[in-house]
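A short worksheet on the structure shown next.
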Amino acid sequence: MTVSNTSKRRQPSLAQLRAFSAVAEHLHFRDAAAAIGMSQPALSGAVAALEETLGVTLLERTTRKVLLSPAGERLAVRAKAVLDEVVALLEEAEAVRAPFTGALRLGVIPTVAPYLLPTVLRLVHDRYPDLDLQVHEEQTANLLEGLTTGRLDLLLLAVPLGVPGVVELPLFDEDFVLVTPLGHPLGGRSGIPREALRELNLLLLDEGHCLRDQALDICREAGRADAPVTTTAAGLSTLVQLVAGGLGVTLLPRTAVRVETTRSDQLLTGYFSEPAPTRRIALAMRTGAARRAEYQELAAALREALRPLPVRVLGGDRTAAATR
């Protein structure tokens, strides 16, 4: 048997790769050491040992800061990939050993969390009692960052995302309705044409909320050229209270209507003519996720659990993968 020169070389340890990856991320020895729970001398020694093992200089050290060398820039990407694969290997082993156990870090957008989480939590409690569900409510951009970096395992949010390396598991479509103050000419009506949005004082969420972008898209589709932004809010509850106060009207997804409009008797709900503007809600996971089969099973169970809500549940065959 022929043994290659590569196989004869000393192999870097995971501790060395973890230390180097932390320094590459933080560009600061103290911060990197704190991030991975290692003493600063031990971290510095691990990086030096890795440089000796690889035979290259990874860092340029000065009295003020740490910089990656050209070789360090290239190898930092490889080191992170190796560490990610080790995490995936451990997750795969855990999934094979005992499905629906251990931690599942679920990210949820704010315009979904208050309305769907009761159903999600009840389902997990009843069907997967050994699953440690950890919920993180954040805006879409932060959730995607958390998913791609491994901070989060699964997302519950509006799609399509169009993000490479992310697979979408659609759950349902839901209509938007028009929420108005008492006395508004469109309040309580059915069959409202989308074109009515051209002239309305529409209140929106702050920048960063995907629901804001969806509302603007609906306005553009209705033929409105300007961005109807005079007053904004950080959450749907505040937005609806502004409507109740007479400052304008807003769009709400159907799942939010019961929770948000029953807090005031100064509101009316109007319904658009078909086809009404809609949004799609899905689970999203990393392509090649170790627990892919579990997430697909969870999506199927969620579709059934969500049927009592005012939504159009999608079949499993409608699953879409955004892997381009």
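Quick one: in segment 47-88, of everything that is open to solvent by 30 Å² or more (accessible area, probe 1.4 Å), farther than 12 Å from Ala24 by Cα and under 28 Å from the mean Cα position of the chain (by Cα), which residue is modelled with the lowest pLDDT?
Looking at the filtered set, the residue picked out is Ala88.
Counting just the residues of segment 109-144 that are free of Cβ contacts under 8 Å to residues at least 40 places away in the same chain and of a type in the set (D, E, K, R), which one comes out least open to solvent (accessible area, probe 1.4 Å)?
Only one residue tops the list, namely Glu138.
Taking into account only those residues within segment 1-11 that are among the polar types (S, T, N, Q) and either in a helix (DSSP H, G or I) or under 37 Å from the mean Cα position of the chain (by Cα) (or both), which is modelled with the lowest pLDDT?
By that ranking, first place goes to Ser7.
The values are calculated or read from the model by the stated rules, or taken from the named source; none is laboratory data. Note that the coordinates shown come from a computational prediction; the quantities given were computed from them, not determined experimentally. As a convention, Cβ positions derive from the backbone with ideal geometry for all residues, glycine included, and neighbour counts pool all protein chains shown. Please note that ligands, DNA and RNA were not included when accessible areas were found on the heavy atoms of the full protein model with its side chains. Shrake-Rupley method; radii C 1.70, N 1.55, O 1.52, S 1.80 Å.
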